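Heads up, the thing below is written out as structure tokens.
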Amino acid sequence: MNVLTERLHRRGRTTHRPATVDVDTHRSTGGLAVRLVLLVVATAYAVVALAPVDTDAATRWAVAAAAGALVAWLCTPPAPHVLVVLGGLALAGQATAFSPAVLVLVLLAHLLLRVAWWAAHVPLGSRVEVRALLPDVRRFAVIQTAVQLAGVALLLVAGTATSPVVLAAGGAALLALTVVLLRGR
């Protein structure tokens, strides 16, 4: 037994250097920065969605900031999804024609959901490399380009036709295009 102990003891005395591992990270951003971006996007979405509602600007901004703060704090479903649905309902209750605000809301809603996903997956004390965000940014740009072009075309068609049927069909087509493009991700 002493021989075994002595061998183990000698092995412990030998000074083998452990393998070194070099870790190289590129530019990164913190979880707090992602949450701040989510706060700004959610607040902007709420402000645009509440624009048709007849309230004073201070009340509208206060409600939008509270909604943005709640979404940034929770950042997991269903919080961002509820804000998107409520924003759509606020706009739908006031809309009599196809409004350009819809195009802004579609862009902000998509951005809100993507940033909320990242905020839910990057804890506050963690970091994410910027290049990890690039594929999502590219997909966002491709989807929004297609949706915005379709929306502008529908806006031009809706500007010449005042029929509620044409407006409903245009809105349904925009919604269908958005769903098809998002499902393909």
Checklist entry - Just one of Leu89, Leu105, Leu74, Leu36 is touching a residue at least 12 places away in the same chain (Cβ under 8 Å) and open to solvent by 20 Å² or more (accessible area, probe 1.4 Å); which is it? => result Leu36
Next on the checklist: Is it the case, given these coordinates, that Val82 is open to solvent by 70 Å² or more (accessible area, probe 1.4 Å) and either outside any helix (DSSP H, G or I) or more than 23 Å from Ala153 (Cα to Cα) (or both)?
Outcome noted: yes
Checklist entry - Among the residues of the range 41-79, how many are assigned to a helix (DSSP H, G or I) and touching a helix residue (DSSP H, G or I) at 6+ places or on another chain (Cβ under 7 Å)? => result 22
Next on the checklist: Looking at the range 56-67, can you tell me whether even one residue there is modelled with pLDDT under 80, β-branched (Val, Ile, Thr) and more than 24 Å from Asp136 (Cα to Cα)?
Outcome noted: no
Checklist entry - If you scan the range 57-71, which residues turn out to be of a type outside the set (Gly, Ala, Ser), over 15 Å from the mean Cα position of the chain (by Cα) and surrounded by 15 or more Cβ atoms within 10 Å (Cβ to Cβ)? => result Arg60, Trp61, Val63
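Rundown of residues vs (1) modelled with pLDDT of 85 or more; (2) among the β-branched types (Val, Ile, Thr), yes/no style:
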{"residue": "Thr76", "(1), (2)": "yes, yes"}
{"residue": "Pro100", "(1), (2)": "no, no"}
{"residue": "Leu103", "(1), (2)": "yes, no"}
{"residue": "Val137", "(1), (2)": "yes, yes"}
Checklist entry - Within the range 108-147, restricting attention to residues that are of a type outside the set (Val, Ile, Thr) and not in a helix (DSSP H, G or I), which residue is surrounded by the fewest Cβ atoms within 10 Å (Cβ to Cβ)? => result Gly125
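The values are calculated or read from the model by the stated rules, or taken from the named source; none is laboratory data. Here the structure is a predicted model, which means the values were calculated and not measured. Because the Cβ atoms are built from the backbone with ideal geometry, glycine has one as well, and the counts that use them run over all protein chains shown. Calculation scope for accessible area: heavy atoms of the full protein, side chains included, ligands and nucleic acids excluded. Shrake-Rupley method; radii C 1.70, N 1.55, O 1.52, S 1.80 Å.
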